[in-house]
Amino acid sequence: MDTEVLEKPIAKKQIEQVRDLILHNDDVNTFDFVIETLIDVCGHNPLQAEQCAHIVHNNGKCGIKKGSFTDLKPICETLLGKGLSATID
């Protein structure tokens with residue numbers, strides 16, 4: 001008895017490129033506000049948020065999260081809504 005095995009074609013899932021959510025320095029927001037926002041919006045722990053705030057202050061920008069554009073867009077929009085300067089690269 002012959003059994004024919006039929007393989008279903010595998011749907012090619014669109015693979016999104018890994019992007020960086022970048023926080024940019026500004027002269028408006030305090031360190032404490034930036035740290036609190038990174039904790040609340042990005043899920044950073046306090047030390048990670050503090051380090052990112054210092055990197056932004058000293059270097060002008062810092063990558064704060066990696067992910068697909070689809071995942072990062074709402075986070076970026078929330079940061080912008082809170083008055084921070086952020087972009088997705």
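Data table
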| quantity | calculated |
| --- | --- |
| Residues located in the stretch 47-82, provided they are of a type in the set (Lys, Arg) and in a helix (DSSP H, G or I) | Lys73 |
| Cβ-Cβ under 8 Å pairs, at least 6 apart or on other chains, the stretch 61-89 side over 23 Å from Leu47 (Cβ atoms) and modelled with pLDDT of 95 or more, far side of a type outside the set (A, V, I, L, M) and in a helix (DSSP H, G or I) | Thr87/Cys76; Ile88/Phe69; Ile88/Lys73; Ile88/Cys76 |
| The stretch 61-86, residues that are in contact with a His (Cβ under 7 Å, 6 or more places away or on another chain) and within 11 Å of Asp20 (Cα to Cα) | Ala86 |
| Members of the stretch 15-56 found to be more than 19 Å from Asp89 (Cα to Cα), of a type outside the set (Val, Ile, Thr) and loosely packed, with under 13 Cβ neighbours inside 10 Å, listed by number | Asp27, Asp32, Asp40, Gly43, Asn45, Pro46, Leu47 |
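The values are calculated or read from the model by the stated rules, or taken from the named source; none is laboratory data. On a predicted model such as this, the values are computed, not experimentally measured, just so you know. Here the Cβ is made from the backbone with ideal geometry for all residues, glycine too, and neighbour counts use every protein chain on show.
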